[in-house]
Structures are given as C-alpha cells and as structure tokens.
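Notes to accompany the following structure.
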Amino acid sequence: MSEVTATFTTPEWNSELNGWCGSCTPMSDLDGDNVWEVSVMMPVGEEIEYKFSADTWNIQEELTPGSSCTMTTGIFTNRVHTALAVDEVLDVVCWESCAACGVVLPEYDLSLTVDMSNYSGAADISALGMRVAGSFNGWDAVVNPMTDNGDGTWSTTVLALTAGVYEWKYVIGDWVEDESLVPGTSCTQTTGGFTNRIIDIQQNETLSVVCYEYCTDCDNIPSFSDVTFNVDMTNELPLTEDVFVFGSFNGWCNDCNVLSDPDGDNVYSTTVTIVDGTYEYKYTIGTTGGTFTDEDLDMVEDAACTIATDDGNGGFFVNRTLTVSGNESLAVHCYASCDACLDPTACVAENFATAPTGLFADQTVAGGFKTQLKWDHYSDASDGCILQGGVTTTLGPGAPYVGAFGQVLMQGAFIAGNAEGFDTSSQLSPNATFPQFNSQTYPTPGGLGALTPGAFYKWRVRCGCIIDVTLPFPAKLDLSNLHLSNWSPYDAFTNLPLAPIANDGTDSPNGFEVGQEKSLNIYPNPNNGQFVVEFYNFDEGQKALTVRNLLGEVVSNSTFLNTTTSFKTPIDVSSLPAGTYLIEVNSGTEVMSKLVMVK
C-alpha cells in the first residue's frame with residue numbers, strides 16, 4: 001500500500017467468495033512494512049475474481065482492463081486467480097497493479113488500420129471521423145481518434161499498453177455507430193453478449209488492414225449464412241429459465257444466443273449469422289449471467305448428429321455438429337437427443353417400449369370373491385390394459401394357471417374365454433370407452449366368474465393404445481390396430497375368504513367393526529417377509545404364533561400377550577426363502593390359521 005496516496009485505515013480482500021461484502025475479510029500488517037496480508041480458502045480449480053479495497057469500500061482498486069492478472073466482465077475489472085490443490089503464497093503486488101511496487105512494466109504500442117470502403121451505412125464518416133474504443137481506453141471513443149489515409153482506410157496507434165489481453169472495436173464518431181461483429185469469427189471474443197475484437201499484447205504490434213466489421217481485408221470477406229437453430233423442449237417442461245445455443249460459432253458463449261417460442265408449440269428457435277464452415281454446438285438452459293445446465297448427449301445413442309472429442313481426462317466432449325454452406329433452418333430435434341421429441345400421449349410403439357410395473361392385489365370386498373388389481377401409471381398414451389391370469393396351485397413364476405371367465409380385462413371392459421391374451425372374438429361391449437390410463441383400479445366381477453375364496457392366483461398386465469379409434473368393433477380391437485407393451489412380470493395373491501366388512505355391507509374403512517365374529521387377517525399378502533397379523537374379537541391373554549412351511553415344519557414361533565380384543569402384531573420372516581407359509585395362532589382353547597405368500 002506504499003504508493004496509495006488516499007487516507008486509509010484497514011485494507012480488505014473482497015471477492016465473489018464473500019459476496020463482495022466490504023469489511024468481512026480485513027487484512028493485517030504485523031511488521032509495519034506497509035505490505036498487508038490475509039489468508040483465505042479458495043475452491044481448487046475454479047477461476048475466482050477478487051480485488052483489494054479499504055475501510056468498507058471507502059477506496060478500492062481501479063485496475064487496468066487487459067492487464068495480466070485481471071479479468072473484465074462487463075464493466076467490472078477484477079483480479080483473478082485459480083487455486084491449486086496445495087497451499088499458496090501469492091507474490092506481493094502493488095495497489096492497482098499486477099507487479100510489485102517500484103517495478104516498471106514494459107509498455108507496447110498497438111497500430112491499427114481499418115478499411116471503410118465497403119461501409120454502406122448512413123453515417124457521414126468524413127465529417128464524424130473514425131475512432132478506436134476498447135478496454136485499453138475505458139471504451140472512450142474520444143481518446144484514440146483515427147487518421148484518414150485518403151484511400152478509404154483509417155489508422156491510429158494506441159500507445160503505452162502493458163502486456164495483456166485487450167478488447168476493442170472501430171467506432172464512427174463518438175459512438176454514432178459501431179461495428180457489428182459476428183460472434184465466433186477468428187478475431188473476436190464474445191463476453192456478456194458483447195462481441196469485440198481481441199488481441200494479446202506481448203510486444204509492439206502493427207496489425208494488417210481489416211475491413212470494417214470483418215476479420216479479413218475487404219477483398220477476402222468470407223461467405224456468411226443465416227442458420228436457424230430449432231430445438232423441441234417438450235420433454236423439459238415446465239421451463240423456468242431460458243434456452244440458449246452456444247458453440248464454436250460464437251466462441252462457446254453460453255448466453256449470447258437465446259432462443260424463443262413465440263407460437264407456443266414448445267419448439268424454441270433463433271437465427272444466427274455464421275461464417276460458412278464446420279462447427280460444434282449444444283443447447284443449454286439457464287439465465288444470462290447466471291448458471292447453465294447443458295444438454296447431455298450420448299456418443300453412442302446420439303451418434304447421428306454429434307461428434308465426440310477426447311477431453312484429455314479419460315472422457316469425451318460430445319457436441320452437435322453442423323456444416324454451414326448457405327442459409328438453412330436446422331431440423332427440429334428434441335433437447336438432448338438427435339431425434340424428434342416423442343409426444344407422450346401419441347399412439348406410437350415407442351410409448352410402449354417397456355412393460356407396466358408395480359403390480360399389486362388389494363382385497364376390499366368381503367367373502368373372497370373379488371379383489372382390486374392395481375399397477376403403476378404406465379403411459380400417457382394408454383387406451384387400456386389387458387389382464388392375463390388365473391388360479392394356480394404353485395406360486396412360482398413359471399407355474400401354470402387356469403384361465404377363468406372374467407379374469408382378462410381391458411380398461412374396465414371384460415374379455416371372456418381366453419386367458420392367454422387379446423381375444424377379439426370375445427363379447428366385449430361395443431360401447432366400451434378407453435379413457436387415458438391413469439393408475440386406475442380394476443375389481444374383478446362378482447357372480448359368474450368370481451374368484452374362489454382362499455385360492456392362489458397369478459396375473460400379469462400389458463397396456464396399449466388403439467391406432468384408429470374410428471373403426472367399428474371388433475376391428476377396433478384387432479391386434480393390427482393396437483400398439484401393445486410387453487407383458488409385465490407375473491404377480492400373485494391369495495384371496496382371503498374372511499375379509500371383514502362394515503355393518504352396512506360396504507367395505508370397512510379400518511377392517512374391523514364391533515360385533516364381528518372372531519377373525520384373523522394378514523396384510524400385505526403377498527409380501528416381502530414383513531407383514532402384520534391382526535386379530536378381531538379374540539379373548540385377552542397370552543397367544544402363541546407359529547409359522548410353518550408347506551411341509552408342516554415350524555420355521556418360526558413366538559408368544560405375545562394381547563390386553564384388548566382387537567390386536568395387531570408385526571411379523572418379520574424376511575430371512576426365510578420365498579414361498580407359501582401357514583400362520584397359526586393358538587390361544588390354548590382355539591386355533592386359527594391363514595396362508596401367506598412371501599416373495
């Protein structure tokens with residue numbers, strides 16, 4: 001701080017890491033040599049901006065844009081450092097400098113010439129004159145006027161630049177008009193949405209004559225094309241941030257080219273002027289100046305529209321690629337895919353690529369004649385589902401079963417006589433409707449075709465959609481007019497003959513009503529070896545609970561004391577092999593038993 005002329009008490013370190021808070025990170029000078037120090041924790045490998053100030057921002061550094069230790073973002077120029085994976089002690093620097101106090105940095109001159117012969121705008125160049133504005137002069141168009149060479153070119157020399165990276169552009173008058181440079185072209189850099197010329201000064205430089213708004217001379221202007229980028233964001237809804245495209249055509253500036261969807265069809269588009277050539281690019285979601293989440297492309301699944309480049313760390317950069325040779329509108333691809341987005345409600349085979357899951361049987365009606373079969377929501381495109389199953393004597397996955405009337409079902413309408421699948425000759429009501437499937441429940445019918453109380457059943461389900469819903473029945477349900485999923489794995493259940501009901505004959509909300517007969521209930525059944533045994537209207541006192549396998553062998557036993565007539569106790573036999581077991585409860589005067597299936 002020896003060259004600081006302003007009055008100060010305590011210098012401080014400010015950064016994005018402490019929210020630029022002012023006095024949160026004060027510095028100290030223990031030996032009184034006017035070199036102030038502080039130690040801070042910085043994340044390894046991240047580029048962190050910071051600067052020195054004093055007395056809660058009473059004074060702060062004014063750093064030179066483009067100097068070797070700085071980064072300029074918008075109008076802010078700060079120091080920058082990327083921490084290593086070891087402790088570091090940075091070199092002492094002078095206030096507002098990248099070097100130590102007393103060190104005179106070498107200075108270089110930059111000579112520039114621009115050719116205005118191709119300019120077709122309305123500004124009067126001869127009257128207004130040409131200027132150079134850049135990070136080296138605070139973007140002040142008055143500081144560096146250019147001289148008319150009389151041949152359509154204008155020149156100037158910017159003096160006394162220290163080594164570093166600088167941005168600039170050519171300006172007519174005092175910002176009456178300025179260059180509109182194409183992002184991604186060879187002499188430019190795009191930062192914060194602004195595209196400027198760029199140079200790394202390490203010596204005196206005299207640049208070749210360039211055409212206004214181009215990186216080449218006016219005799220070698222490259223071909224430019226307008227490319228419209230289109231991406232379908234249907235599968236990313238709802239969107240809370242903007243969609244951008246970025247790539248080698250705009251210097252990988254992730255917030256320079258935002259896409260929009262004015263017609264609300266979820267296809268976001270933007271048109272970018274690009275020099276003809278081959279480029280890599282990606283779509284990304286984020287906010288200007290904020291964080292971004294890039295689309296995740298797969299080098300195998302998305303090989304049709306991408307190129308994979310070794311990232312040097314054992315992985316690959318996978319980006320979209322295009323070759324530009326004229327104006328074009330790119331094909332609409334789904335975000336993070338080389339294919340079109342799949343409408344989740346469309347009746348297409350792709351919406352039934354996997355089988356339903358989450359099969360579950362839940363008895364809710366007394367007597368064991370009915371049960372509710374449930375499965376997880378499968379596809380928004382589903383018009384209906386088919387159940388296949390029947391009575392079985394063995395609950396193994398390969399065990400045979402007997403097809404029974406009323407046990408094959410499609411969206412609430414029953415198909416009789418064929419337990420093996422879709423029987424288009426069956427008596428299905430021609431008035432059956434096929435609403436969008438949404439985790440519906442499907443009770444089997446009572447009366448004819450009712451389930452057998454206490455029997456074992458196995459079942460599975462597949463879902464699908466009707467391609468042409470205008471066809472009459474039965475052609476409407478012919479296999480050629482359906483897109484169907486694969487069958488789900490089999491599920492199995494036991495229907496309890498003594499399921500409790502309420503006094504009014506409806507399903508009991510809690511499974512028990514005062515005045516019922518003694519009963520024993522097990523749920524869930526089937527289960528994974530963990531279940532609950534419920535007793536209703538049992539005498540109070542000690543009970544013995546025994547678990548037997550189908551050979552009658554005791555595999556588990558325990559005792560418990562119930563102090564009320566209604567009692568529940570959890571049972572855990574998950575250590576036993578999958579199979580069917582008999583649960584036996586003995587009070588000393590009576591015995592009740594039930595079968596349970598452990599998956």
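Remarks
- Cβ pairs under 6 Å, 6+ apart, first in the range 455-480 and closer than 15 Å to residue 387 by Cα, second aliphatic (A, V, I, L, M) and at pLDDT 75 or above: 462/484; 464/482; 464/484; 465/381
- Among residues of the range 273-290 being free of Cβ contacts under 8 Å to residues at least 60 places away in the same chain and touching a Gly at 6+ places or on another chain (Cβ under 9 Å), the one that is surrounded by the fewest Cβ atoms within 10 Å (Cβ to Cβ) is 276.
- Scanning the range 573-599 for residues that are over 17 Å from residue 550 (Cα atoms) and either among the hydroxyl-bearing types (Ser, Thr, Tyr) or not assigned by the TED database to the domain that holds residue 562 (or both), we see that the one that is surrounded by the fewest Cβ atoms within 10 Å (Cβ to Cβ) is 589.
- Residue that is under 17 Å from the mean Cα position of the chain (by Cα), closer than 17 Å to residue 336 by Cα and surrounded by 19 or more Cβ atoms within 10 Å (Cβ to Cβ), where the choices are 241, 236: 236
- Residues located in the range 140-170, provided they are under 43 Å from the mean Cα position of the chain (by Cα) and modelled with pLDDT of 90 or more: 166, 167, 168, 169, 170
- 1 or more residues at pLDDT 90 or above and touching a Phe, Trp or Tyr at 6+ places or on another chain (Cβ under 9 Å): qualifying strands (runs of 3 or more DSSP E) within the range 1-99: 11-15, 47-54, 76-82
- Check on residue 266, within 20 Å of the chain's Cα centre (by Cα), within 19 Å of residue 240 (Cα to Cα) and surrounded by 15 or more Cβ atoms within 10 Å (Cβ to Cβ): yes
- Qualifying positions in the range 522-568 - part of a loop (DSSP other than H, G, I, E, B) and in contact with an Asp or Glu (Cβ under 9 Å, 6 or more places away or on another chain): 524, 526, 529, 537, 538, 539, 563, 564, 565, 566
- Qualifying residue in the range 288-295 (condition: touching a Leu at 6+ places or on another chain (Cβ under 9 Å) and hydroxyl-bearing (Ser, Thr, Tyr)): no
- All positions within the range 161-184 that are under 24 Å from residue 222 (Cα atoms), touching a helix residue (DSSP H, G or I) at 6+ places or on another chain (Cβ under 8 Å) and assigned to a strand (DSSP E or B): 167, 168, 172
- Subset tally (residues that are small (Gly, Ala, Ser) and assigned to a loop (DSSP other than H, G, I, E, B)) for the range 141-160: 3
- Residues that are buried (at least 20 other Cβ atoms within 10 Å of the Cβ) and touching a residue at least 40 places away in the same chain (Cβ under 8 Å) were ranked within the range 60-76; the one that is farthest from residue 168 (Cα to Cα) is 70.
The values are calculated or read from the model by the stated rules, or taken from the named source; none is laboratory data. Note that this is a predicted model, so its numbers are computed, not measured. Don't worry about glycine lacking a Cβ; one is built from the backbone with ideal geometry, like all the others, and counts go over all protein chains shown.
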